[in-house]
Structure formats: C-alpha cells, structure tokens
Amino acid sequence: MISSKQLADIRQDYTLKTFSEEDVLENPLEQFKLWLHEAITAQVHEPNAMTLSTLRFDGRPTGRVVLLKGLNEDGLVFYTNYDSDKGKQLMSNPFASLVFFWPELQRQIRVEGHVKKVTEKESDEYFFSRPIESQIGAHASPQSQPLAGRHVIEERLKELQELFKEKPLIRPRHWGGYVLIPDQFEFWQGRASRLHDRFRWTLKQGEKSHWDCTRLAP
C-alpha cells in the first residue's frame, strides 16, 4: 500500500521552458493553438485530452476526460451523448471549464466559458468521419445509464450491426457536438522552485470586446 509519506515525497522540478511577457500573444485562442501545435509536434500522449468540469443539479462539481475534436470561430468543440450526465448538466447550467495538462512540456491550460450545441451540420460531418464501429457504438450505448452487465451492451451492439447492414446508418438525435465559448484562459508553464509562470486572459465585454492579460503569482 502506498503511504502518505510516499505521496508527499513525489516531486519534480520544472526547468524545461519559460513563459514571459515577451512570449504572450494578444489573443488567447491563438496562444492556445500555438501551444497545442507544440504539444502535437512533441508527440505528447493524447494532446487533445481535456478534463471537462460541469455542475451537478445539487451544485457539486463533477469532471471527466473528453477529447477536443475541433476549433471553430466560437471556441473549442467536443462531442458526446446529449442524454449523458454531462449533457443533462449542461442543459441545466450551460457553463463549464476545460483543463489540458501536458506533463511532457510541463504545461497546463485552463479554459472557462459558456457551452452551446454546434450545428446539426457540424455534428453530422464529424459523426460520419468516425470509424463505422464508433458510429454504431453511439447508437448502442445509453451513456451514463445503469447496466445489468457488459453483455447487455455487447448484445445491443450485435443487434445494431445486423440492423445497419439493411438500413442506412444515421446519426442518433441524442448524439452531437458542443462548443465551449471561452471568456477566460489561464496558461501555466512549470518553473523551478515552484515559481511557475501563469498568465490569465479575461474577456472584457463592452462596445468593443477585448482580452485583458495579467500575470498571476504561481
């Protein structure tokens, strides 16, 4: 069994990169694209994996890892079952946060904002770009619902595989995309002695909206 002391003794000093005022871009979405490109180029494991946090109906926060599958003029896009726990929570409270962590680059990005569904066209285009097994899987899984056992979903999958040999495969109406429209970004670059570099961009609304960038204490 692992002890509290063993956990407390896990340490890593961050000396790989720096992030200064001279590096900061005016638009945080462009900064995000730059860091994402660098993560992909560095072959970070699943660079598009992100923790999505929403609020339950009792006000308690809940999180899970999902995959970033697009960037559009509004923001960051991911896809899921609209009837899942997260889908129901977003319907009740359409605000969420995303966290990317790339330990290979000693970097973290936090994004907060308003969430809305993408267009039917965008959902269709992405759905039919997926492997056929994933398309059928979206029909087979009543995401977040209790199951009597794995055999239930495996039997359902077999039924649907036979069904879609005879009928055209369509996107289920309960499955599609969301876009998180950001109003706040925070970029974190690990530094030595825990004196990390942190910058927060906040969207200032007004006659002409603009992003305000501030360095934060680590």
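The table below gives the values:
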| quantity | calculated |
| --- | --- |
| From the options Leu67, Leu52, residue that is under 30 Å from Ser144 (Cβ atoms) and in contact (Cβ under 8 Å) with a residue 24 or more places away in the chain | Leu52 |
| Breaking point among (1) within 15 Å of the chain's Cα centre (by Cα); (2) crowded, with 16+ Cβ neighbours inside 10 Å; (3) hydrophobic (A, V, I, L, M, F, W, C), for Leu67 | (2) |
| Unique match (being in contact with a strand residue (DSSP E or B) (Cβ under 7 Å, 6 or more places away or on another chain) and exposed (fewer than 13 other Cβ atoms within 10 Å of the Cβ)) among Leu163, Leu216, Leu195, Leu147 | Leu216 |
| Any chance Val99 is among the β-branched types (Val, Ile, Thr) and without any contact (Cβ under 8 Å) to a residue 24 or more places away in the chain | no |
| Conditions (1) crowded, with 18+ Cβ neighbours inside 10 Å; (2) modelled with pLDDT of 95 or more; (3) touching a strand residue (DSSP E or B) at 6+ places or on another chain (Cβ under 9 Å): number failed by His139 | (2) |
| When residues of the range 52-64 are limited to those that are under 13 Å from Asn93 (Cα atoms) and in contact with a Leu (Cβ under 7 Å, 6 or more places away or on another chain), the one surrounded by the fewest Cβ atoms within 10 Å (Cβ to Cβ) | Pro61 |
| Enumeration of residues in the range 70-86 that are of a type outside the set (Ser, Thr, Tyr) and crowded, with 20+ Cβ neighbours inside 10 Å | Gly75, Leu76, Phe78, Lys86 |
| Selection within the range 54-94 - within 22 Å of Gly137 (Cα to Cα) and of a type in the set (Ser, Thr, Tyr) | Tyr79, Thr80, Tyr82, Ser84 |
| Of all residues in the range 203-218 being small (Gly, Ala, Ser) and farther than 20 Å from Gln108 by Cβ, the one that is modelled with the highest pLDDT | Ser209 |
| Counted residues, the range 70-84 - those being in contact (Cβ under 8 Å) with a residue 12 or more places away in the chain, acidic (Asp, Glu) and closer than 19 Å to His114 by Cβ | 1 |
| Filtered residues of the range 17-41 (kept if assigned to a loop (DSSP other than H, G, I, E, B) and either out of contact with any Leu (no Cβ under 9 Å at 6 or more places or on another chain) or exposed (fewer than 12 other Cβ atoms within 10 Å of the Cβ) (or both)) | Thr18, Phe19, Ser20, Val24, Glu26, Asn27 |
| Pairs, first assigned to a loop (DSSP other than H, G, I, E, B) in the range 178-203, second surrounded by fewer than 16 Cβ atoms within 10 Å (Cβ to Cβ), C-beta under 8 Å, six or more apart | Gly190/Leu16; Gly190/Lys17; Arg191/Thr15; Arg191/Thr18; Arg191/Pro218; Leu195/Pro218; His196/Pro218 |
| Residue match in the range 171-186 (condition: out of contact with any Asp or Glu (no Cβ under 7 Å at 6 or more places or on another chain), among the basic types (Lys, Arg) and loosely packed, with under 12 Cβ neighbours inside 10 Å) | yes |
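The values are calculated or read from the model by the stated rules, or taken from the named source; none is laboratory data. Only a predicted model underlies this, so the values are computations on that prediction, with no experimental measurement involved. When we count neighbours, we look across all protein chains shown, and the Cβ atoms used for this are built from the backbone with ideal geometry, even at glycine.
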